[in-house]
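The values are calculated or read from the model by the stated rules, or taken from the named source; none is laboratory data. Everything numeric in this text was worked out from a predicted model, so none of it was measured. With ideal geometry, Cβ positions are generated from the backbone for all residues, glycine too; neighbour counts draw on all protein chains shown.
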Amino acid sequence: MKLDEGPWTVEKIRKKIAKHFVWLLIAWWTGGAWVLYFTDAPTLVYTLATFQPGAFEAYLWIGILTFTTYVFAGWMREKLCLHACPWPRIQAALTDEYALNVTYRYDRGEPRMSLKQATALRASGEQVGDCVDCGQCVAVCPTGVDIRKGSQLGCIQCGLCIDACDGIMTKIHRPTRLIGYDTELNVKRRECGQPAVYKPMRARTLIYAVLIVLIGGFMTLTLATRGDMRVSVLHDRNPLTVRLKDGGVRNGYTMRLSNMQSKMRRFTVAIAGVDGATPEIVGVTPDAQGHIVIEVGPDQTRETRLLLAAPDAAGKSGQTPITVTMTDAQSGVAVEARDVFVWP
Ligand code: SF4
Ligand code: SF4
């Protein structure tokens, strides 16, 4: 901040350039990491590192994600949490007067004043608050909220201000939890000399508990029963179809096999739908029985080129649905993917 307020000097420019360069570097690193989630990471890293053609989309998305991370995390920061994140709105809709939220207990904290003043007034028997106006609760708040002004939408309930204030209270030998989980209602009640009330069992909390159990149960069930292998097929965009010298027709696809087990597995691949069509996987030789067998490493996906050639296009037009079946050679479990064969 001191640097920002000072005049523009060579040193200030140097520091600013260095800072933004580091920000961009972090943004590029995290943006790049995001892109790797959506593709085969080692293959893409190799493609990018060796500047191979055909990675335009990856470069574009890394650029977009680097730029947005730089702007959102570097420049907008807590403004993004306050204005773009839906969480504060959801939180406000879920809460009620009995919900425990991070609360400044102003019945105990006010009137606030410096430690010196408070010590002097206390010594003369006057009633003073425990808040020494040190500003630590605001300094640690990631969204810049001053919780002493009451509950606010910007508060993400992280509790950092509680820890900060507890540290101060310990140092000045006052009871901790001047900021703590409480309700505005209780603070008001204590101010009027009434006991605090806590109602953990309310219609709202019971409904939330049932919903959490239902959604959690559904997610657990989905996770427990999810498949551990997958096949996907994507028809070439261009050319859609190729007529061969012998009058046959060939279509090309990108096929991806996923093995979600922590051991290497062998899968047989069969394609059905087009009578007499011959499948070929580039780089894979069928075994003695003519089966296409592909090995996929533990927790890996393998992308392959599938070429499907039909002997004769006479009388055919439009599209014919095809089914690609991937079968675990050991367990016999099979999964399918569907696409189409395009005729000229
Ligand atoms: S709980 Fe977190 S977000 Fe809320 S006021 Fe305290 S430090 Fe800020
Ligand atoms: S940290 Fe505690 S004592 Fe310091 S300003 Fe905040 S509420 Fe007051």
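Being hydroxyl-bearing (S, T, Y) and more than 30 Å from R250 (Cβ to Cβ) is the filter here; which residues of the stretch 222-239 pass it? Give the derivation first.
Initial filter on the stretch 222-239 (hydroxyl-bearing (S, T, Y)): 222, 225, 232.
Hits for the stretch 222-239 are T222, T225.
So Q319 fits all but one of (1) surrounded by 15 or more Cβ atoms within 10 Å (Cβ to Cβ); (2) closer than 13 Å to V269 by Cα; what number is the exception? Q319 satisfies every listed condition except (2).
For the stretch 45-67, the set of residues classified as loosely packed, with under 13 Cβ neighbours inside 10 Å and over 12 Å from G32 (Cβ atoms) consists of Y46, T50, F51, Q52, P53, G54, F56, E57, L60, listed by residue number. For C137, the conditions (1) assigned to a loop (DSSP other than H, G, I, E, B); (2) over 30 Å from F21 (Cα atoms); (3) within 16 Å of ligand 2 (Cβ to nearest atom) are fulfilled apart from (1). Are there any pairs with C-beta distances below 6 angstrom linking a residue in the stretch 156-173 that is within 13 Å of ligand 1 (Cβ to nearest atom) to a residue that is part of a helix (DSSP H, G or I), with the two at least 6 apart or on different chains, and if so which? Once the first residue is within 13 Å of ligand 1 (Cβ to nearest atom) and sits in the stretch 156-173, its partners that are part of a helix (DSSP H, G or I) give C161/C137; C161/I147; A164/Q136; A164/C137; C165/C137. Residues that are in a helix (DSSP H, G or I), acidic (D, E) and farther than 28 Å from M255 by Cα occur in the stretch 5-20; there is at least one.
Against the condition closer than 30 Å to S262 by Cβ and more than 14 Å from ligand 1 (Cβ to nearest atom), how does R230 come out, does it pass?
On the way: closer than 30 Å to S262 by Cβ: yes; more than 14 Å from ligand 1 (Cβ to nearest atom): yes.
Answer is yes for this residue.
Looking only at residues in the stretch 86-107 that are without any contact (Cβ under 8 Å) to a residue 12 or more places away in the chain and either within 14 Å of ligand 1 (Cβ to nearest atom) or part of a helix (DSSP H, G or I) (or both), which one is surrounded by the most Cβ atoms within 10 Å (Cβ to Cβ)?
Among those residues, the one meeting the criterion is T95.
Residue by residue, here is whether (1) closer than 30 Å to T225 by Cα; (2) at pLDDT below 90; (3) of a type outside the set (A, V, I, L, M, F, W, C) holds:
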{"residue": "N251", "(1), (2), (3)": "no, no, yes"}
{"residue": "M264", "(1), (2), (3)": "yes, no, no"}
{"residue": "G297", "(1), (2), (3)": "yes, no, yes"}
{"residue": "R302", "(1), (2), (3)": "yes, no, yes"}
{"residue": "T320", "(1), (2), (3)": "no, no, yes"}
{"residue": "T325", "(1), (2), (3)": "yes, no, yes"}
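For the stretch 118-132, the set of residues classified as away from ligand 1 (no atom under 16 Å from the Cβ) and surrounded by 15 or more Cβ atoms within 10 Å (Cβ to Cβ) consists of A118, V128, G129, D130, V132, listed by residue number.
Taking the condition at pLDDT 90 or above, out of contact with any Phe, Trp or Tyr (no Cβ under 6 Å at 6 or more places or on another chain), of a type in the set (V, I, T) and part of a helix (DSSP H, G or I), does V71 pass?
When the stated conditions are applied, V71 passes them.
Scanning the stretch 121-134 for residues that are within 11 Å of ligand 2 (Cβ to nearest atom) and either within 22 Å of E78 (Cα to Cα) or among the hydrophobic types (A, V, I, L, M, F, W, C) (or both) yields a total of 3. Does the stretch 108-123 include one or more residues that are outside any loop (DSSP other than H, G, I, E, B), among the small types (G, A, S), over 30 Å from T68 (Cβ atoms) and touching a helix residue (DSSP H, G or I) at 6+ places or on another chain (Cβ under 6 Å)? For the stretch 108-123, residues outside any loop (DSSP other than H, G, I, E, B), among the small types (G, A, S), over 30 Å from T68 (Cβ atoms) and touching a helix residue (DSSP H, G or I) at 6+ places or on another chain (Cβ under 6 Å): absent.
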